[in-house]
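Structure first, commentary second.
The values are calculated or read from the model by the stated rules, or taken from the named source; none is laboratory data. What you are looking at is a predicted structure, and each value in this text was computed from that prediction instead of being measured. All Cβ positions, glycine included, derive from the backbone under ideal geometry; neighbour counts span all protein chains shown.
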Ligand code: ADP
């Protein structure tokens, strides 16, 4: 008996698929009226299968395709009319590869386990289409008749390229964090031991111990910044309040931040030029200090010790301008547009550490304070960052 172009065996498979996918028991049609109903039912079921977001193939007990939805065909780049074809014959010309780089045996790895009960937990394959490599994930289950005999199988196929790329990025990020945390910790541990030895030994070297303690202090600060940056990014992502704006004079904040940086980064001379007049802006003073610290830390990180860093604060019309210049390795022109992105590290940073969060946070702080940040850089000549913040008008104070 034929209903809607499907023969009885196919109807049976559809019924079993319905039992698995839809979960409703279906009786096979026997009378003309039932047949008409079954026809309707088959049409409905085919519609349901066509709306499933995953690729779906229904196979008979011999591994032939009884039904393939559009998503499934598109995933493998198969044409319409694949019904009746051996599934393995359809896939063979596609030169699929296993994602775990083991040799792929279409029958042994896919069809046999599928038709024997279950393909699982999943099989990840690589497929090249339109010159792009996609990762697809296959899972499935066999279908059984009333006497518990296997009569076919349902195979679900999902494109997980984006998901696995995100997983890889997450893995890489976690190992980067582990590395970033481990290196200051190793240094802290080593210098703490050296400081202890210097103080214990004959003719106790308190000067040497002091040097070691300074390094411990610097490394602890590095760890603190790292954890602070991660917490800030998470705050921003969750949409939590980030700035606490109020009117304040930029001059003492910049002077104080530079003074602090001179202590923590004795390797570099920092030359500061600041105005005699007050420059009142409306922003978060702690965050502005943090932004300047990030710029100064980068300037020191990416320039040789004998190259001074210059900081210039000045009034420019209705705005305050803060310039930070170094004479370091510079940033390639094609990368300058990306350095404010979250997690972006330019090629010059190889081996230099960092999570690529510092400039992202600087940009967020400045932009959320109504200001702008610009960069100019020449390789092997140096980098110049300029932050512009609007000066607060007296009315702003009254609003506050
Ligand atoms: P990180 O914490 O990894 O240094 P940032 O967001 O602070 O991340 O900086 C992003 C990238 O921009 C760095 O990895 C580095 O490649 C580049 N960069 C930032 N500041 C400078 C600078 N002053 N000189 C040269 N390159 C810089």
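With the structure loaded, tell me whether residue 222 is in contact with a helix residue (DSSP H, G or I) (Cβ under 8 Å, 6 or more places away or on another chain), over 21 Å from residue 316 (Cβ atoms), without any contact (Cβ under 8 Å) to a residue 60 or more places away in the chain and part of a helix (DSSP H, G or I) or whether it fails that test. So that I can check it myself, show each step before the final result.
Details: in contact with a helix residue (DSSP H, G or I) (Cβ under 8 Å, 6 or more places away or on another chain): yes; over 21 Å from residue 316 (Cβ atoms): yes; without any contact (Cβ under 8 Å) to a residue 60 or more places away in the chain: yes; part of a helix (DSSP H, G or I): yes.
Yes.
Being at pLDDT below 95 and in contact with a helix residue (DSSP H, G or I) (Cβ under 9 Å, 6 or more places away or on another chain): is that true of residue 360 here? No; evaluated as a whole, the condition is false for this residue. Being at pLDDT below 95 and either surrounded by 17 or more Cβ atoms within 10 Å (Cβ to Cβ) or on the phi > 0 side of the Ramachandran plot (or both) is the requirement here; does residue 195 meet it? Yes, satisfied. Only a single criterion out of (1) at pLDDT 90 or above; (2) farther than 16 Å from residue 72 by Cα; (3) under 35 Å from the mean Cα position of the chain (by Cα) is not satisfied by residue 136, namely (2).
Out of 365, 329, one residue alone is surrounded by 18 or more Cβ atoms within 10 Å (Cβ to Cβ) and closer than 19 Å to residue 391 by Cα. It is 365. When the residues of segment 237-294 are filtered to those that are in contact (Cβ under 8 Å) with a residue 60 or more places away in the chain and assigned to a strand (DSSP E or B), which remaining residue is farthest from the chain's Cα centre (by Cα)? Looking at the filtered set, the residue picked out is 280. If you filter segment 341-351 down to residues that are within 6 Å of the ligand (Cβ to nearest atom) and outside any loop (DSSP other than H, G, I, E, B), you find that the one that is surrounded by the fewest Cβ atoms within 10 Å (Cβ to Cβ) is 348.
Yes/no per residue for (1) farther than 16 Å from residue 372 by Cβ; (2) at pLDDT 95 or above:
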| site | (1), (2) |
| --- | --- |
| 289 | yes, yes |
| 297 | yes, no |
| 306 | yes, no |
| 313 | no, yes |
| 317 | no, yes |
| 328 | yes, yes |
| 331 | yes, yes |
| 340 | no, yes |
| 343 | yes, no |
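When segment 60-86 is filtered for residues that are crowded, with 16+ Cβ neighbours inside 10 Å and part of a loop (DSSP other than H, G, I, E, B), the ones remaining, listed by number, are 61, 63, 69, 78, 82.
Taking segment 352-385 as the search range and keeping residues that are more than 11 Å from residue 294 (Cβ to Cβ), in contact (Cβ under 8 Å) with a residue 60 or more places away in the chain and in a strand (DSSP E or B), which one is nearest to the ligand (Cβ to nearest atom)? The selected residue is 383.
Is it the case that some residue within segment 301-314 is within 16 Å of the ligand (Cβ to nearest atom), touching a helix residue (DSSP H, G or I) at 6+ places or on another chain (Cβ under 6 Å), within 24 Å of residue 231 (Cβ to Cβ) and not in a loop (DSSP other than H, G, I, E, B)? Taking every residue of segment 301-314 in turn, none turns out to be within 16 Å of the ligand (Cβ to nearest atom), touching a helix residue (DSSP H, G or I) at 6+ places or on another chain (Cβ under 6 Å), within 24 Å of residue 231 (Cβ to Cβ) and not in a loop (DSSP other than H, G, I, E, B).
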